[in-house]
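Quick notes on the structure that follows.
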Amino acid sequence: MIKNDEIDLEVSNLSISFNKTKIIDDISFNLGNGEILSLIGPSGSGKTTLIRCLSGLDSPEIGNITISNVKVFDENTNVAVENRDVGIVFQDFALFPHMTVEENISFGIKKNNNPEKKTSSIVELLLLCGIYNLRNRYPDELSGGEQQRVALARSLATSPKLLLMDEPFSNLDAIFRSQLRIDVKRILKYLKITCIFVTHDQQEALYMGDRIIVLNEGKIQQIDKNINVFQKPQNEFVANFIGLADFIEGKIADNYAQTEIGTVEINSNVSNGDLVEILVRPDDVSIKKNKSGNGFIISKEYKGMYYIYHIKLNSGKMVKSLSSHINDYDVGIKVDVQLSPGHPLVCYKNKLIV
Amino acid sequence: MFAINRILIFFIFILFCVPFIFLFEFGVTEIFNSIENLFSINYLNLITNTLILVVSVTVTSSIIGLFLSWATEMCDLKYKKIWRILLIIPLVIPSYFAGYIFILFYGPKGEIFDFINSLGFTGNIPNIYGFWGAWVCLSSLCYPYAYLNLSAGLKSVDRKLEDASRVLGYNHFKTFYKIILPNIKTSFFAGGVLIALYTLSDFGAVSALQYNTFTLAIYTKFRSFDLNGAAASSIILVLISIPIIYYAINMSIINSSRISQRPSNLSNIKLFDLKKYQPLVQFILFIIVLISFIIPFIMIFTLISRTNLGIYETFSVIKYSSIYNTIIGSSLTGILCVIISLLVILNLSKKNTILRYFFESVMHFGFTLPGIVIALSFVYFSINYMFPIYQTWVILILGYTVLFLSTAYGPIVTSVNLIGDRYINASKSLGKGPINTLINISIPLYRPGIIKGFLNVFILTAKELPVTLILAPLNFNTLSTVIWDNLEEANFSTAGVAGLLLIIIIIIPTYLSIHIDDIKIKFINRKK
Amino acid sequence: MFNYKKYYLFFSMVLLLSFSFACSEAQEIIKEVPVEVIKEVPVEVVKEVQVEVEKVVEVDKIKEVPVEVIKEVEVIKEVQVEKVVKEVLEIEKPAGKLVVYSGRKESLVGPIIEQFQSMTGIEVEVNYGTSTEIASQLMLEGDKSPADVFYAQDPGAVGSVVDMLAPLSVDILEPIPDWAKSDQGKWVGVTGRARVLVYNTDNVSPDDLPLTLNGLCDEKWKGRMGWAPTNSSFQTMVTGMRQIWGEEKTKEWIECMIANEVAVYPKNTPQVEAAGKSEIDIGLVNHYYLYKFVLDAGEGDQFKARNHHLLGGGPGSLVMVSPVAILSTSENKSNAEQFVTFMTSKIAQNYFVNNIREYPLIEGVKTHPLITPMGDIKQPDINLSELADIEGSAKLLQEAGALPK
């Protein structure tokens, strides 16, 4: 856990509603110094609203927000956005179109700062973000990826206590996206910036975040290290949202569960004889061509290095299986389906982890 | 293949060159004949007088417009809807009428003087004749141009920019100055140019308020049958206006790419909380509306009440045809100006800079020149080359168009710059013809600019005088000629009633255009 | 593919140049043409009229229209109008067209033109405007002008296009006094308007008012006067001054008026308004504007201004006329002559006297009781057609500093 003196952002009991619908419903979480937190959720889950509340662009109805030990919001205080020392990178960049790259970046740096120091810090940022060569261009002369780098540099120039990135890569081409997220993570870690990274892309969330918050309908579904969110989703919603997931019914015997596609080791605290739902990822399921198999392929997705096969079991259940690209099966053929995870699986009762 | 719109554009070019052919024909030799006159002290004084008035009216109106658009578009101002309409109404008042009313109220022995005297104070009030009167009167007539342009500009600025600037540590006002203002620069200067050119070509107000400007001198020359002298002076006027126009064109062509190009998300606009300053802002708005609208309105009623006739008799003097002519003439001119603007903007692409420069400057000159020059040049042109259309609706509307096109062109070009013409190209690539594209793509897409351009032209045409008098068909009158006729002959009640009718006619489309925008916003919100 | 955009500018420039070249040629032709036209047209017209008269004599129904008019005329017992009606009978059809360019406002002459229309059945189309602007318009229109009649506010406007006018018939010219018609017989005055001083009755007693315009140069009027130097009536008066006093003396007078801080007004009505409110004490205007203000203000002396005719005569007592003329290019000459005859008939003269309070120019029509009879005005001995040189007066006013150059 994070120690108290390392906490950079403290949010407790935050709520906001719009037209009597709760957009954010009683949210509390902490964020440590230099930590990157991925905030993921389907659209309409309240991600952007949460970000706007934290920055001060919108005001919550109730709750407390403390940014590096300064209370910026509670029932008595509401520090204006310009005084919160927060940076935002917007989804659509919001670069000032009438200023060059360099002017955009230096915009947030206060005049009374030492001018030499100001120049050197700008140069540093330009180099760090890989936009030094673009410094005299105008935003409309830049590509999307370049614009996003400028936007990042601009928000970093003020050395904010907290950086909020609102789906920063969603407007970019896939090829820029993967390169940019590597660069951004490198920059953030280099500067030790505390950051909340909003996304709806699970790959991005898993890559960027030290920890992940999964948000749905204004409520936190799970907040945990990224490995845990994938491997031990707290509920079926999280399991489905992060990665592909199927649930197979199983009966507990000792530390094992018996299912219709084999017996597996489980990592749950349940008693013998209980009926549970077991989370099965496609890589946990292997298939083999067999005319008397226990399921048949109803469709397949070619992913380059591998296939994802959608299989209907004899019982009518659906599972997905990841299979190497050498195993090219035709749709409709019978296969043998076998669970072979190589690690214990987690179980659910009433859609919650047990 | 030779596209039809190229031919059309060619004819539009010719149309806009008509005044210059006329001026060239009558004025050039006169300029050389009286070259020593051009450098006389009188002449230079006249030019300085004119420029001082133009600059001061433009600056004042722009500042007022900026304040008003900030208050109504960016703040949580109360009674916003009413203010938006009240603030535009001064546009409606013809300047020759405004000048007269202005003297009745502020004049040395006007209503204010009477009021102060009735309170027991004696002595004179400051003299309004000359510069100060002309300045206040024209500013109060012109600020709506700045206001309209700026509020449209503010509506189209990407409000994310404001968020970004606030996050970077700038408060509302610094953000407005550093981020919003540079992004509405085009609107700001478009309004400013309109005001400058209006002031430059105004005759009614300056003559009533006894301030000598260049246009007044041109009219004086016409009045003394000095056609050549008037043409020569008009050429000088055109030369004076070149810097203004050069500036205007530079603003619209070159800077268009550097402005915010994203229409804002209408539902997500965060308004500035005026808090305790709400009453102060309301008060300032009230003062502006008082000077520019309420007082003229009261004076119109005073004029009407002077008569011994009943209201019915006064009304019956005004022919229905004058109302009809005003509405039809202004609407047709508005539509034609919109079509021409779209045709030119969409066909002369940004790459075609020289041609566009040429057209835009010629077009702005049209607004600079006094109406009488345009009118007489069209008489000259049509009597010699287009006799069948002489003294018909056609020539009248063409005259209006040359005079006022630049006021429609500005807002439309802003709209096109904002949205871009890629949708038009998309439509063309889908095999749609130009008319189909115009109706289904251009008009809905550039609607805000089109509505504003149409309104500008509609309002100006409805109050236009010299072109109407000279180019109109026989037996033709509009409300504006009725006002002029009766004001001139001291039939004040009739003039007042006609003025009132004119105001009502212009308020209706103005109100509707604002209303349409509101409906659109509601519609978008409901969709979400 | 041929790149149009590239050559577009070039094409348009070439066309514009050739266009303006064509214009300049056309202008020269226009200058030559009128001489020929004048020679040809009258001959043709005479022929046409003869033929048509023969044709139409048989038509009976049409006669009914003027018969009604005669009854109306008999009641009024107007000799002049019988003449009009006779002419109406002689003419082939009661219908026909007439285009009038009127420098007088619709609110003034609209009703009487309507009456002419309903009497004669001639369809009258009017182009209203400012006299001077209409004169400029006529000059530009040249021999293609659609106008038949030019009815102006001042002799100056008609004088500036005198070359375009047709000589009037003796019948029309005869009843009008010599001073009020063109010496070339090209226009006649319809009604008279006197130049007066309008003064504020609170601040000025009529006895103090000067005998002639020269008296206004007196120190005691400093800062108390107004004028409207752009007004064409005023400029006509200045032309009169130049005729009577000479250029030098006129210029001196203008300069001394300016030295006396005379206030500049755009036209006459604001001056009368200003005099009524004692914004100024004396204004140089035409006589008839005042009555509107007086009647609007109601009974008694609510409106504190009155007219004063200069007792000493001279150019300040000028009585100007609103002239009417027929254009030589008119295609409806007989209708135009009817119109001119009608305007100088007793019906029209009575209308102008009663509604606008102008001076009648024919005998037998009484001056309005409110206004000073013509006999009491010491008119300068000058023919109004000598007052056409408005341009010269404007130049003088410019030189003296009363008008912007």
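Amide H contacts of A:Asp8: A:Leu31, A:Gly32, A:Asn33, each under 5 Å away and 5 or more positions distant or on a separate chain (H built 1.01 Å from N in the peptide plane; Pro and chain starts excluded). With the biggest extent put first, the Cα atoms of segment A:236-291 measure 33, 33, 14 Å across the principal axes.
Taking the inverse of the average 1/r across all pairs of different Cα atoms in chain B, what Kirkwood radius in Å do you get?
On the way: mean 1/r = 0.0413 Å⁻¹.
For chain B, the Kirkwood estimate is 24.2 Å.
What share of the DSSP beta bridges in segment A:26-179 is antiparallel, in percent to the nearest 5? Write out the running numbers ahead of the final one.
Working: 4 of 8 bridges.
Once the DSSP bridges in segment A:26-179 are tallied, antiparallel ones form about 50 percent.
The mean number of partner chain beta-carbon atoms within 10 angstrom of a residue's beta-carbon across peptide C:153-165 is 1.
Our Cα-only numbers for chain A put the radius of gyration and Dmax at 24.1, 79 Å.
Normalised by the number of residues in segment A:145-301, the average gap of Cα pairs under 8 Å and 6 or more apart makes the relative contact order 13 percent. Reported to the nearest whole Å, the Cα centre-to-centre distance from segment A:59-111 to segment B:429-494 is 48. Between the Cα long axis of helix A:174-191 and the first principal axis of chain A there is an angle of about 60°, rounded to the nearest 10. As a ratio to 2.2 N^0.38 Å, the alpha-carbon radius of gyration for the protein assembly as shown is 1.24.
If you average the sequence gap of Cα pairs under 8 Å that are 6 or more apart and divide by the length of chain A, what percent do you get for the contact order? Walk me through the intermediate numbers first.
Working: 744 pairs, mean separation 54.5, N = 354.
In percent, rounded to a whole number, it is 15.
For segment B:129-136, backbone phi angles converted through the Karplus equation (6.51, -1.76, 1.60; θ = phi - 60°) give residue-by-residue couplings of 5, x, 4, 4, x, 4, 4, 5 Hz, Gly and Pro being listed as x. Secondary-structure-derived ellipticity at 222 nm for chain A, considering helices only, amounts to -6500 deg cm²/dmol, per-run term -39500 (n - 2.57) for DSSP H runs with n ≥ 4. Helix A:115-128 and the long axis of chain A differ in direction by around 20°, with both axes built from C-alpha atoms. The Kirkwood radius of segment B:367-461, taken over pairs of alpha-carbon atoms, gives through the Stokes-Einstein law at 10 °C and 1.306 mPa s a diffusion coefficient of 104 µm² s⁻¹. Helix A:144-156 and the longest principal axis of the C-alpha atoms of chain A enclose an angle of approximately 60°.
Using Cα-Cα distances under 8 Å and only pairs 6 or more residues apart, what relative contact order does segment A:28-147 have, in percent? Let's see the in-between values first.
On the way: 79 pairs, mean separation 20.6, N = 120.
Answer for segment A:28-147 is 17 percent.
Amide hydrogen proximity for C:Val190: with H placed 1.01 Å from N in the peptide plane, the residues at 5 or more positions away or on another chain lying under 5 Å are C:Ser322, C:Val324.
Using θ = phi - 60° in the Karplus curve 6.51 cos²θ - 1.76 cosθ + 1.60, the 3J(HN,Hα) couplings for segment C:100-116 round to 10, 9, 10, x, 9, 5, 4, 5, 8, 9, x, x, 6, 5, 4, 5, 4 Hz; x is entered for Gly and Pro. Taking amide H positions as modeled 1.01 Å from N, with prolines and chain starts lacking one, the residues under 5 Å from C:Leu327 and 5 or more places away or on another chain are C:Val149, C:Phe150, C:Ala166. DSSP beta bridges fully contained in the protein assembly as shown are about 75 percent antiparallel.
Between their Cα atoms, which of C:Lys222/C:Lys249; A:Lys219/A:Lys251; A:Lys20/A:Lys161; B:Lys81/B:Lys155; B:Lys80/B:Lys276 are more than 26 Å away from each other? In this structure, A:Lys219/A:Lys251; A:Lys20/A:Lys161 exceed 26 Å between Cα atoms. Applying Stokes-Einstein at 25 °C and 0.890 mPa s to the Kirkwood radius of segment A:146-245, computed over alpha-carbon pairs, gives a translational diffusion coefficient of 170 µm² s⁻¹. Per-residue Cβ neighbour counts within 10 Å put C:Lys251, C:Lys186 in the sequence C:Lys251, C:Lys186, beginning with the fewest. Neighbour counting of Cβ atoms within 10 Å sorts the residues C:Met237, C:Met225, fewest neighbours leading, into C:Met225, C:Met237.
So, with +1 on the Cβ of K and R and -1 on the Cβ of D and E, and no other charges, what is the size of the charge dipole of the protein assembly as shown about its Cα centre, to the nearest 20 debye? Please list the in-between numbers first.
Working: 114 positive and 126 negative charges, 1212 e Å.
For the protein assembly as shown, the charge dipole is close to 5820 debye.
For C:Gly215, what charge total do you get from the other residues with a beta carbon under 15 Å from its beta carbon, if Lys and Arg give +1 and Asp and Glu give -1? Numbers along the way, then the final one.
Details: positive: C:Arg195, C:Lys220, C:Lys222, C:Arg224, C:Lys249, C:Lys378; negative: C:Asp207, C:Asp208, C:Asp218, C:Glu219, C:Glu252, C:Asp281.
Taking every other residue near C:Gly215 into account, the sum is 0.
Dipole of segment B:135-253 (Lys/Arg Cβ +1, Asp/Glu Cβ -1, origin at the Cα centre): which of B:Gly229, B:Val206, B:Ile184 lies farthest to the positive side? With unit charges placed on the Cβ atoms, the residue in question is B:Ile184. Hey, got the average number of other protein chain Cβ atoms within 10 angstrom for residues in B:212-224? Across B:212-224, the average partner-chain Cβ count within 10 Å equals 6.
Dipole orientation for the protein assembly as shown: of the candidates C:Gly364, C:Cys217, B:Leu87, B:Leu87 has the Cα lying most toward the positive pole (charges on Cβ; Lys, Arg +1; Asp, Glu -1).
Whole-Hz Karplus values for segment B:161-167 come out as 4, 4, 4, 4, 5, 4, 4 Hz, taken residue by residue from phi with 6.51 cos²θ - 1.76 cosθ + 1.60 and θ = phi - 60°; glycine and proline positions read x. Between the alpha-carbon centres of segment C:268-301 and segment B:361-385 there is a gap of 37 Å.
About the centre of its Cα atoms, chain A shows a dipole size close to 460 debye [charges on the beta carbon of Lys, Arg (+1) and Asp, Glu (-1) only; nearest 20 debye].
Quick note: the coordinates plus some simple rules give every number you see, no bench work behind them. Keep in mind it's a predicted model, so treat the numbers as computed, not measured. With ideal geometry, Cβ positions are generated from the backbone for all residues, glycine too; neighbour counts draw on all protein chains shown.
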